[in-house]
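K.L.:
Below is a structure I'd like to ask you about.
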Amino acid sequence: MKIGIIGGTGGMGKGFALRWSQNHDIIIGSRDAARASDSAVEYTNLAKEAFGEIKGTISGSDNVSVAKESDVLILSIPYENIDSVCSAILHEIKDSCVVVSPIVPMTKTDVGFEFIPIKENKPFSYQLVSKHMKNKSKLVSAFHVISEKKLVNPKLELDYDIFVCGDDDESVQVVNGLINEIKGLRPIYLGPGELSYLSEISTPLLLNAMIRNKIKNPGIKIV
Ligand SMILES: NC(=O)c1ccc[n+]([C@@H]2O[C@H](COP(=O)([O-])OP(=O)(O)OC[C@H]3O[C@@H](n4cnc5c(N)ncnc54)[C@H](OP(=O)(O)O)[C@@H]3O)[C@@H](O)[C@H]2O)c1
């Protein structure tokens with residue numbers, strides 16, 4: 001399976017690449033193809049350092065080329081850039097491509113971390129991304145509550161739940177499979193995409209809990 005990571009030069013992209021390159025071919029996307037290639041070389045070296053050999057490969061390209069080639073496309077970009085990035089790439093994807101949004105619409109204010117859709121009366125991430133998709137059912141929302149700090153250490157064992165929202169069972173199963181490949185993560189299905197705001201709002205919830213209560217490694221686990 002070819003997994004493309006749009007904005008893969010950022011922290012989350014690095015974590016996904018390191019974790020999934022053991023089994024899949026990863027293509028790092030960037031607005032700048034050279035930056036993507038540099039990141040791909042760096043991540044390949046880190047993955048080999050951590051695991052010895054890796055079964056997959058990590059390469060880099062510009063965002064549009066990555067979108068065209070991918071079987072699964074992770075949108076690892078800031079909320080503010082959804083419209084500009086998605087309008088340029090999502091009409092280029094394969095019909096079968098599963099699109100994953102880990103995007104958290106969050107801002108820091110003087111009271112703490114807040115949820116932009118409520119604070120500023122804006123759409124949540126799933127709604128914004130789905131506007132740009134021909135087949136909206138292939139969009140799955142996941143990975144909002146796992147920090148890049150945990151993902152980028154490929155040897156770190158995790159023990160967290162990941163909320164998943166989506167309309168198409170087959171696409172949700174693909175994402176569940178990718179979550180299960182990261183040792184210690186468990187997919188928890190919340191319902192269709194229109195409930196994605198529940199997952200997206202969990203991140204500011206978690207960060208406020210962490211900071212106000214000095215909790216070191218916060219995560220969400222349903223018990
Ligand atoms: N960080 C976390 O722990 C965490 C946890 C859960 C969810 N998330 C969510 O995951 C997503 C990625 O997080 P991140 O921390 O990796 O983000 P990031 O480092 O802030 O950005 C990721 C990439 O987005 C691209 N980008 C930045 N500005 C852009 C612009 N104006 N237009 C187009 N592309 C732009 C950049 O790639 P190029 O410059 O190479 O194009 C950048 O490397 C975010 O939506 C975040 O809310 C993050």
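Any read-out appearing in this document is the output of simple, stated calculations on the displayed coordinates, not a laboratory observation. These numbers come from a predicted model, not from an experiment. We place every Cβ from the backbone using ideal geometry, glycine too, and count neighbours over all the protein chains shown.
K.L.:
Please give the length that would be gained between Lys55 and Ile215 if that part of the chain were fully extended, namely 0.36 nm times their separation in residues minus their C-alpha to C-alpha distance (nm, one decimal).
P.N.:
Details: separation 160, 0.36 × 160 = 57.60 nm, distance 3.63 nm.
Here the segment from Lys55 to Ile215 would lengthen by 54.0 nm.
K.L.:
Compute the distance from the alpha-carbon center of the stretch 46-118 to that of the stretch 123-155, in whole Å.
P.N.:
7
K.L.:
With the chain treated as a Gaussian network of Cα nodes joined by springs under 10 Å, which of Gly166, Gly11, Gly52 yields the largest mean-square fluctuation?
P.N.:
Residue with maximal mean-square fluctuation among Gly166, Gly11, Gly52: Gly52.
K.L.:
Please report the antiparallel percentage of DSSP beta bridges with both residues in the stretch 2-213, rounded to the nearest 5.
P.N.:
Values: 6 of 31 bridges.
About 20 percent, rounded to the nearest 5.
K.L.:
What is the magnitude of the charge dipole of the chain about its Cα centre, with +1 placed on the Cβ of each Lys and Arg, -1 on the Cβ of each Asp and Glu, and no other charges, expressed in debye to the nearest 20?
P.N.:
Details: 25 positive and 27 negative charges, 112 e Å.
Here the chain has a charge dipole of around 540 debye.
K.L.:
While we're looking at this one, here's another question. When the chain is treated as a GNM, springs tying every alpha-carbon pair under 10 Å, which of Ile82, Ile201, Ile118 comes out with the largest mean-square fluctuation?
P.N.:
Result for the chain, Cα springs under 10 Å: Ile118 fluctuates most.
K.L.:
Which far-off residues, 5 or more places away or on another chain, put their amide H under 5 Å from the one on Val100, with H placed in the peptide plane?
P.N.:
Hits under the 5 Å cutoff: Leu73, Ile74, Leu75, Val140.
K.L.:
Moving on to the next point. Apply the Karplus parameterisation 6.51 cos²θ - 1.76 cosθ + 1.60, with θ equal to phi minus 60°, to every residue of the stretch 112-128 and state each ³J(HN,Hα) to the nearest whole Hz, in sequence, with x for glycine and proline.
P.N.:
My calculation for the stretch 112-128 gives x, 7, 10, 8, 3, x, 7, 4, 10, 6, 10, x, 7, 4, 4, 4, 5 Hz in order.
K.L.:
Which three semi-axes in whole Å describe the equivalent ellipsoid of the stretch 2-213, each the square root of 5 times a Cα gyration tensor eigenvalue, listed largest first? Mind dumping the intermediate values first?
P.N.:
Working: eigenvalues 121, 84, 57 Å².
Square roots of five times the eigenvalues give 25, 21, 17 Å.
K.L.:
Can I ask one more? Would you calculate the separation in nanometres between label points at Glu181 and Ile118, each defined as 7 Å from the Cα along the Cα-to-beta-carbon direction?
P.N.:
3.4
K.L.:
Take each uninterrupted DSSP H stretch in the chain, measure its Cα extent along the helix axis, and return the ones at 24 Å or beyond whose mean Kyte-Doolittle hydropathy is at least -0.5. Please list the in-between numbers first.
P.N.:
Values: long enough: 33-51 (26 Å, -0.23).
Span-like helices in the chain: 33-51.
K.L.:
Ordered by residue, what ³J(HN,Hα) values in Hz, to whole numbers, does the stretch 152-167 give under the Karplus form 6.51 cos²θ - 1.76 cosθ + 1.60, where θ = phi - 60° and Gly and Pro are x?
P.N.:
With the stated coefficients, the stretch 152-167 comes to 6, 9, x, 8, 6, 7, 10, 8, 9, 9, 10, 6, 10, 10, x, 9 Hz.
K.L.:
Given springs between every Cα pair under 10 Å in a Gaussian network model of the chain, which of Ser130, Ser59, Ser87 has the largest fluctuation?
P.N.:
For the chain, modelled as a Gaussian network with Cα springs under 10 Å, the answer is Ser87.
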